[in-house]
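Let me begin by presenting the structure, written as C-alpha coordinates, before commenting on it.
The values are calculated or read from the model by the stated rules, or taken from the named source; none is laboratory data. Model, not experiment: these values are computed from the prediction. Cβ sites come from the backbone with ideal geometry, for glycine too, and all protein chains shown count toward neighbours.
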Amino acid sequence: MNGKKIAFLSTILLLLVGFYYFYEVRYTGKQKEKAASSSKVLNIKDQDIESMRLRNPKGTVVLEKRENEWFLAEPIKARADTWAVHQIIDALANGTWQREITPLPEDLGAFGLADPEIEVSLSGKGLTVPRKVLIGRENPTGNMRYIRVDQEGRMLLVYTRLKDVLDKTYDDLRDKHILRFEEDDIFKVVWRADKKTFVAEKKENKWVLVEPPGKEIAESDVINLVWRVKELKFKKIYDKPDHPVSYYSLDKPYGMIRLMDEEGQVIGGLSFGIRGPEASYYAKVEGSNTVYELSYDFVKDLPKPEEEIEKEQGEA
(Lines give C-alpha, C1' and ligand atoms only; values in the text may rest on other atoms or scores of the structure.)
Protein backbone atom coordinates (compact mmCIF):
# COMPACT_ATOMS: atom_id res chain seq x y z
CA MET A 1 0.00 0.00 0.00
CA ASN A 2 1.54 3.32 -1.11
CA GLY A 3 1.86 6.44 1.00
CA LYS A 4 -0.92 8.37 -0.76
CA LYS A 5 -3.43 5.60 -0.11
CA ILE A 6 -2.43 5.37 3.55
CA ALA A 7 -2.78 9.15 3.92
CA PHE A 8 -6.20 9.05 2.24
CA LEU A 9 -7.48 6.25 4.49
CA SER A 10 -6.09 8.03 7.57
CA THR A 11 -8.00 11.17 6.60
CA ILE A 12 -11.24 9.18 6.18
CA LEU A 13 -10.67 7.56 9.59
CA LEU A 14 -10.14 10.96 11.26
CA LEU A 15 -13.32 12.28 9.65
CA LEU A 16 -15.29 9.28 10.90
CA VAL A 17 -13.87 9.65 14.42
CA GLY A 18 -14.66 13.36 14.35
CA PHE A 19 -18.21 12.72 13.14
CA TYR A 20 -18.75 10.12 15.87
CA TYR A 21 -17.42 12.43 18.58
CA PHE A 22 -19.32 15.56 17.59
CA TYR A 23 -22.58 13.85 16.64
CA GLU A 24 -22.85 10.72 18.73
CA VAL A 25 -21.06 11.95 21.85
CA ARG A 26 -21.58 15.70 22.04
CA TYR A 27 -24.78 16.28 20.07
CA THR A 28 -26.61 13.14 21.19
CA GLY A 29 -25.42 13.71 24.76
CA LYS A 30 -26.79 17.26 24.74
CA GLN A 31 -30.07 16.05 23.26
CA LYS A 32 -30.44 13.44 26.01
CA GLU A 33 -29.56 16.04 28.64
CA LYS A 34 -32.11 18.43 27.16
CA ALA A 35 -34.79 15.73 27.09
CA ALA A 36 -34.10 14.76 30.70
CA SER A 37 -34.21 18.40 31.75
CA SER A 38 -37.50 19.05 29.98
CA SER A 39 -39.21 16.16 31.79
CA LYS A 40 -38.29 17.39 35.27
CA VAL A 41 -41.12 18.45 37.55
CA LEU A 42 -39.24 21.66 38.39
CA ASN A 43 -36.25 22.53 36.28
CA ILE A 44 -34.33 24.22 39.11
CA LYS A 45 -31.15 23.42 41.01
CA ASP A 46 -31.74 21.86 44.41
CA GLN A 47 -28.95 23.92 46.01
CA ASP A 48 -30.73 27.13 44.98
CA ILE A 49 -33.80 26.39 47.11
CA GLU A 50 -33.71 28.48 50.31
CA SER A 51 -37.22 28.20 51.74
CA MET A 52 -40.21 25.90 51.47
CA ARG A 53 -43.85 26.03 52.48
CA LEU A 54 -45.59 22.66 52.60
CA ARG A 55 -49.33 22.25 53.15
CA ASN A 56 -50.93 18.82 53.38
CA PRO A 57 -53.82 17.21 55.33
CA LYS A 58 -51.56 17.00 58.39
CA GLY A 59 -50.93 20.75 58.55
CA THR A 60 -48.64 23.45 57.21
CA VAL A 61 -44.86 23.49 57.64
CA VAL A 62 -42.46 26.29 56.76
CA LEU A 63 -38.75 25.53 56.35
CA GLU A 64 -35.81 27.92 55.91
CA LYS A 65 -32.18 27.33 54.96
CA ARG A 66 -29.53 29.18 56.93
CA GLU A 67 -25.88 28.70 56.00
CA ASN A 68 -26.60 25.34 54.36
CA GLU A 69 -28.57 24.08 57.39
CA TRP A 70 -32.35 23.66 57.36
CA PHE A 71 -34.63 24.90 60.13
CA LEU A 72 -38.33 24.72 60.90
CA ALA A 73 -39.87 28.21 61.05
CA GLU A 74 -43.55 27.19 61.46
CA PRO A 75 -45.41 25.81 63.36
CA ILE A 76 -42.40 25.52 65.67
CA LYS A 77 -38.87 26.87 65.56
CA ALA A 78 -36.34 24.05 65.62
CA ARG A 79 -33.54 22.48 63.64
CA ALA A 80 -34.80 20.35 60.78
CA ASP A 81 -33.72 16.87 59.72
CA THR A 82 -31.43 17.63 56.79
CA TRP A 83 -31.89 14.20 55.19
CA ALA A 84 -35.70 14.42 55.33
CA VAL A 85 -35.72 17.94 53.83
CA HIS A 86 -33.30 16.97 51.06
CA GLN A 87 -35.52 14.02 50.21
CA ILE A 88 -38.36 16.46 49.45
CA ILE A 89 -36.10 18.87 47.54
CA ASP A 90 -34.62 16.07 45.46
CA ALA A 91 -38.08 14.74 44.57
CA LEU A 92 -39.18 18.18 43.37
CA ALA A 93 -35.98 19.50 41.76
CA ASN A 94 -34.80 16.25 40.18
CA GLY A 95 -37.99 14.17 39.95
CA THR A 96 -39.53 13.66 36.50
CA TRP A 97 -43.06 13.46 35.16
CA GLN A 98 -44.24 10.46 33.17
CA ARG A 99 -47.00 11.95 31.06
CA GLU A 100 -48.17 15.38 29.95
CA ILE A 101 -51.82 16.32 29.45
CA THR A 102 -52.46 19.33 27.25
CA PRO A 103 -54.38 21.49 26.95
CA LEU A 104 -55.20 21.93 30.63
CA PRO A 105 -58.65 20.45 31.37
CA GLU A 106 -61.31 23.00 32.29
CA ASP A 107 -62.65 20.95 35.22
CA LEU A 108 -59.59 20.80 37.49
CA GLY A 109 -61.78 19.58 40.35
CA ALA A 110 -62.18 16.24 38.62
CA PHE A 111 -58.44 15.75 39.01
CA GLY A 112 -58.19 17.10 42.57
CA LEU A 113 -56.39 20.26 41.45
CA ALA A 114 -59.09 22.86 42.18
CA ASP A 115 -58.61 22.22 45.92
CA PRO A 116 -55.38 20.20 45.97
CA GLU A 117 -54.62 17.74 48.74
CA ILE A 118 -51.01 18.90 48.91
CA GLU A 119 -49.42 22.18 47.91
CA VAL A 120 -45.73 23.04 48.13
CA SER A 121 -44.14 26.40 47.39
CA LEU A 122 -40.39 26.92 46.91
CA SER A 123 -38.33 30.12 46.97
CA GLY A 124 -34.64 30.71 46.44
CA LYS A 125 -31.84 32.05 44.26
CA GLY A 126 -32.88 33.19 40.81
CA LEU A 127 -36.59 32.83 41.57
CA THR A 128 -38.41 36.16 41.32
CA VAL A 129 -41.61 34.45 42.45
CA PRO A 130 -42.08 31.18 44.37
CA ARG A 131 -42.43 27.98 42.34
CA LYS A 132 -45.59 26.11 43.28
CA VAL A 133 -46.55 22.46 42.83
CA LEU A 134 -50.12 21.23 43.38
CA ILE A 135 -50.70 17.53 44.05
CA GLY A 136 -54.12 16.20 42.99
CA ARG A 137 -55.88 12.85 42.88
CA GLU A 138 -54.66 9.44 41.82
CA ASN A 139 -55.18 8.38 38.22
CA PRO A 140 -57.60 5.48 37.52
CA THR A 141 -54.83 2.87 37.81
CA GLY A 142 -53.74 4.26 41.20
CA ASN A 143 -50.03 4.30 40.44
CA MET A 144 -49.75 8.00 39.55
CA ARG A 145 -50.95 11.42 40.68
CA TYR A 146 -52.12 14.44 38.73
CA ILE A 147 -50.04 17.55 39.44
CA ARG A 148 -49.86 21.10 38.18
CA VAL A 149 -46.79 23.34 38.30
CA ASP A 150 -47.35 27.08 38.83
CA GLN A 151 -50.02 28.34 36.38
CA GLU A 152 -48.84 26.22 33.47
CA GLY A 153 -51.41 25.37 30.82
CA ARG A 154 -50.86 21.67 31.23
CA MET A 155 -51.27 18.86 33.75
CA LEU A 156 -48.64 16.25 34.54
CA LEU A 157 -48.72 12.69 35.79
CA VAL A 158 -46.05 11.59 38.30
CA TYR A 159 -45.58 8.42 40.29
CA THR A 160 -47.42 8.38 43.65
CA ARG A 161 -44.07 8.36 45.47
CA LEU A 162 -44.02 12.16 45.19
CA LYS A 163 -47.18 12.39 47.30
CA ASP A 164 -45.70 10.05 49.90
CA VAL A 165 -42.54 12.17 50.13
CA LEU A 166 -44.59 15.34 50.68
CA ASP A 167 -47.06 13.84 53.15
CA LYS A 168 -44.98 14.86 56.19
CA THR A 169 -45.68 16.60 59.50
CA TYR A 170 -43.38 19.06 61.22
CA ASP A 171 -42.48 16.24 63.60
CA ASP A 172 -41.40 14.07 60.65
CA LEU A 173 -39.11 16.89 59.47
CA ARG A 174 -37.70 17.83 62.86
CA ASP A 175 -34.14 16.92 63.74
CA LYS A 176 -34.45 14.45 66.62
CA HIS A 177 -30.80 14.37 67.63
CA ILE A 178 -30.49 15.32 71.30
CA LEU A 179 -26.87 16.53 71.19
CA ARG A 180 -24.92 17.98 68.27
CA PHE A 181 -21.12 17.91 68.28
CA GLU A 182 -18.09 16.79 66.28
CA GLU A 183 -16.56 13.52 67.44
CA ASP A 184 -13.02 14.85 66.93
CA ASP A 185 -13.73 17.56 69.54
CA ILE A 186 -14.26 15.03 72.33
CA PHE A 187 -11.21 14.31 74.52
CA LYS A 188 -12.82 13.14 77.76
CA VAL A 189 -15.90 11.04 78.50
CA VAL A 190 -17.43 10.49 81.93
CA TRP A 191 -20.29 8.05 82.39
CA ARG A 192 -22.09 6.35 85.25
CA ALA A 193 -24.07 3.14 85.28
CA ASP A 194 -24.93 0.64 88.02
CA LYS A 195 -23.81 3.27 90.59
CA LYS A 196 -20.27 3.15 89.19
CA THR A 197 -18.44 6.02 87.48
CA PHE A 198 -16.00 5.58 84.60
CA VAL A 199 -13.71 8.10 82.95
CA ALA A 200 -11.92 7.75 79.62
CA GLU A 201 -9.49 10.25 78.12
CA LYS A 202 -7.90 10.60 74.72
CA LYS A 203 -4.11 10.48 75.14
CA GLU A 204 -1.82 10.63 72.12
CA ASN A 205 -4.88 10.14 69.95
CA LYS A 206 -5.84 6.95 71.75
CA TRP A 207 -8.65 6.34 74.23
CA VAL A 208 -7.64 4.97 77.65
CA LEU A 209 -9.61 4.36 80.85
CA VAL A 210 -8.33 6.53 83.72
CA GLU A 211 -11.04 5.79 86.28
CA PRO A 212 -11.28 3.45 88.04
CA PRO A 213 -7.47 3.21 88.12
CA GLY A 214 -5.81 0.02 87.02
CA LYS A 215 -8.75 -1.04 84.84
CA GLU A 216 -8.81 -1.37 81.06
CA ILE A 217 -11.45 -0.94 78.40
CA ALA A 218 -11.40 -1.56 74.67
CA GLU A 219 -10.77 1.68 72.77
CA SER A 220 -13.44 0.69 70.27
CA ASP A 221 -15.99 0.67 73.12
CA VAL A 222 -15.29 4.34 73.90
CA ILE A 223 -15.34 5.33 70.22
CA ASN A 224 -18.65 3.51 69.81
CA LEU A 225 -20.04 5.21 72.93
CA VAL A 226 -19.26 8.70 71.58
CA TRP A 227 -20.83 7.77 68.26
CA ARG A 228 -23.96 6.42 69.98
CA VAL A 229 -24.38 9.64 71.96
CA LYS A 230 -24.06 11.67 68.77
CA GLU A 231 -26.71 9.55 67.04
CA LEU A 232 -29.07 9.38 70.05
CA LYS A 233 -32.56 10.58 69.04
CA PHE A 234 -35.70 11.23 71.02
CA LYS A 235 -39.10 9.62 70.49
CA LYS A 236 -40.99 12.48 72.12
CA ILE A 237 -39.93 15.88 73.37
CA TYR A 238 -41.33 17.88 76.26
CA ASP A 239 -40.07 21.44 75.80
CA LYS A 240 -42.14 22.55 78.77
CA PRO A 241 -42.70 19.43 80.90
CA ASP A 242 -46.03 19.21 82.73
CA HIS A 243 -44.35 17.43 85.62
CA PRO A 244 -41.29 18.01 87.83
CA VAL A 245 -38.08 16.17 86.98
CA SER A 246 -38.84 13.67 89.75
CA TYR A 247 -41.81 12.42 87.69
CA TYR A 248 -39.33 11.26 85.05
CA SER A 249 -36.91 9.95 87.71
CA LEU A 250 -34.39 12.56 86.59
CA ASP A 251 -33.89 14.04 90.06
CA LYS A 252 -31.97 10.87 90.94
CA PRO A 253 -30.90 9.57 87.51
CA TYR A 254 -29.84 5.96 87.18
CA GLY A 255 -27.24 6.87 84.58
CA MET A 256 -25.37 9.81 83.07
CA ILE A 257 -22.79 10.73 80.47
CA ARG A 258 -20.71 13.86 80.00
CA LEU A 259 -18.53 14.81 77.03
CA MET A 260 -15.66 17.29 77.35
CA ASP A 261 -13.21 18.98 75.02
CA GLU A 262 -9.41 19.22 75.22
CA GLU A 263 -9.66 22.08 77.74
CA GLY A 264 -12.01 20.16 79.99
CA GLN A 265 -15.05 22.24 79.05
CA VAL A 266 -18.35 20.37 78.91
CA ILE A 267 -19.61 20.01 75.33
CA GLY A 268 -22.71 18.10 76.33
CA GLY A 269 -24.08 16.08 79.20
CA LEU A 270 -27.09 13.82 79.63
CA SER A 271 -28.81 12.30 82.65
CA PHE A 272 -31.16 9.34 82.28
CA GLY A 273 -34.32 8.35 84.13
CA ILE A 274 -36.59 5.34 84.03
CA ARG A 275 -40.22 5.38 85.13
CA GLY A 276 -43.09 2.95 85.62
CA PRO A 277 -43.46 -0.82 85.56
CA GLU A 278 -43.56 -0.81 81.76
CA ALA A 279 -40.28 1.15 81.72
CA SER A 280 -40.42 4.50 79.94
CA TYR A 281 -36.96 5.96 79.39
CA TYR A 282 -36.13 9.65 79.62
CA ALA A 283 -33.12 11.91 79.17
CA LYS A 284 -32.31 15.52 80.03
CA VAL A 285 -29.48 17.75 78.84
CA GLU A 286 -27.37 19.51 81.45
CA GLY A 287 -28.50 23.11 81.88
CA SER A 288 -31.84 22.57 80.13
CA ASN A 289 -35.35 21.87 81.40
CA THR A 290 -36.39 20.01 78.26
CA VAL A 291 -37.14 16.31 78.77
CA TYR A 292 -36.73 13.74 76.01
CA GLU A 293 -38.46 10.38 75.88
CA LEU A 294 -36.33 7.61 74.39
CA SER A 295 -37.45 4.48 72.60
CA TYR A 296 -34.95 2.23 74.38
CA ASP A 297 -32.68 1.94 77.44
CA PHE A 298 -29.50 3.80 76.45
CA VAL A 299 -27.80 3.15 79.80
CA LYS A 300 -28.14 -0.62 79.57
CA ASP A 301 -25.29 -0.96 77.08
CA LEU A 302 -22.84 1.60 78.48
CA PRO A 303 -19.33 0.11 78.29
CA LYS A 304 -17.55 -1.37 81.31
CA PRO A 305 -13.98 -2.54 82.00
CA GLU A 306 -13.21 -5.99 80.68
CA GLU A 307 -12.73 -7.41 84.20
CA GLU A 308 -16.22 -6.35 85.25
CA ILE A 309 -17.82 -7.87 82.16
CA GLU A 310 -16.07 -11.19 82.85
CA LYS A 311 -17.17 -11.01 86.50
CA GLU A 312 -20.80 -10.37 85.56
CA GLN A 313 -20.74 -13.23 83.04
CA GLY A 314 -19.34 -15.54 85.74
CA GLU A 315 -22.05 -14.56 88.23
CA ALA A 316 -24.73 -15.18 85.60
Quiz item: Among the listed residues 163, 176, which satisfies the condition of being under 26 Å from residue 273 (Cβ atoms) and of a type outside the set (A, V, I, L, M, F, W, C)?
Solution: 176
Practice problem: Sort through 129, 226, 190, 133 and tell me the only one that's assigned by TED's automatic domain parsing to the domain that holds residue 56 and crowded, with 16+ Cβ neighbours inside 10 Å. | Solution: 133
Quiz item: In the set 215, 202, which member is outside any strand (DSSP E or B) and assigned by TED's automatic domain parsing to the domain that holds residue 254?
Solution: 215
Quiz item: Could you list, in sequence order, the residues of segment 73-106 that are farther than 20 Å from residue 132 by Cβ and among the aliphatic types (A, V, I, L, M)?
Solution: 76, 78, 80, 84
Quiz item: Identify, please: which residue in segment 238-271 is in contact (Cβ under 8 Å) with a residue 60 or more places away in the chain and among the aliphatic types (A, V, I, L, M) and is, among those, surrounded by the fewest Cβ atoms within 10 Å (Cβ to Cβ)?
Solution: 267
Quiz item: Got a number for residues in segment 38-80 being crowded, with 18+ Cβ neighbours inside 10 Å, touching a strand residue (DSSP E or B) at 6+ places or on another chain (Cβ under 6 Å) and assigned to a loop (DSSP other than H, G, I, E, B)?
Solution: 1
Quiz prompt | Filtered residue count, segment 81-93, keeping only those that are surrounded by 12 or more Cβ atoms within 10 Å (Cβ to Cβ) and either modelled with pLDDT of 95 or more or farther than 20 Å from residue 154 by Cβ (or both) | solution = 9
Exercise. Those residues that are touching a strand residue (DSSP E or B) at 6+ places or on another chain (Cβ under 7 Å) and more than 15 Å from residue 56 (Cβ to Cβ), I need them from segment 98-112; list them, please.
Key: 98, 99, 100, 101, 104, 105, 111
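Name the one entry in 127, 104 that is among the aliphatic types (A, V, I, L, M) and over 26 Å from the mean Cα position of the chain (by Cα). Reasoning before the result, please.
Details: 127 fails: over 26 Å from the mean Cα position of the chain (by Cα).
After ruling out the rest, the residue left standing is 104.
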Self-check item: segment 170-179: number of residues that are over 18 Å from residue 291 (Cβ atoms) and surrounded by fewer than 18 Cβ atoms within 10 Å (Cβ to Cβ)
Solution: 1
Quiz item: Among (1) of a type outside the set (Gly, Ala, Ser); (2) on the phi > 0 side of the Ramachandran plot; (3) in contact with a helix residue (DSSP H, G or I) (Cβ under 9 Å, 6 or more places away or on another chain), where does residue 174 come up short?
Solution: (2)
Quiz item: Under 9 Å by Cβ, and 6 or more places apart or on different chains, what pairs join a residue from segment 217-237 that is hydroxyl-bearing (Ser, Thr, Tyr) with one that is outside any helix (DSSP H, G or I)?
Solution: 220/207
Quiz item: residue 229: in a helix (DSSP H, G or I), over 17 Å from residue 101 (Cβ atoms) and not polar (S, T, N, Q), yes or no?
Solution: yes
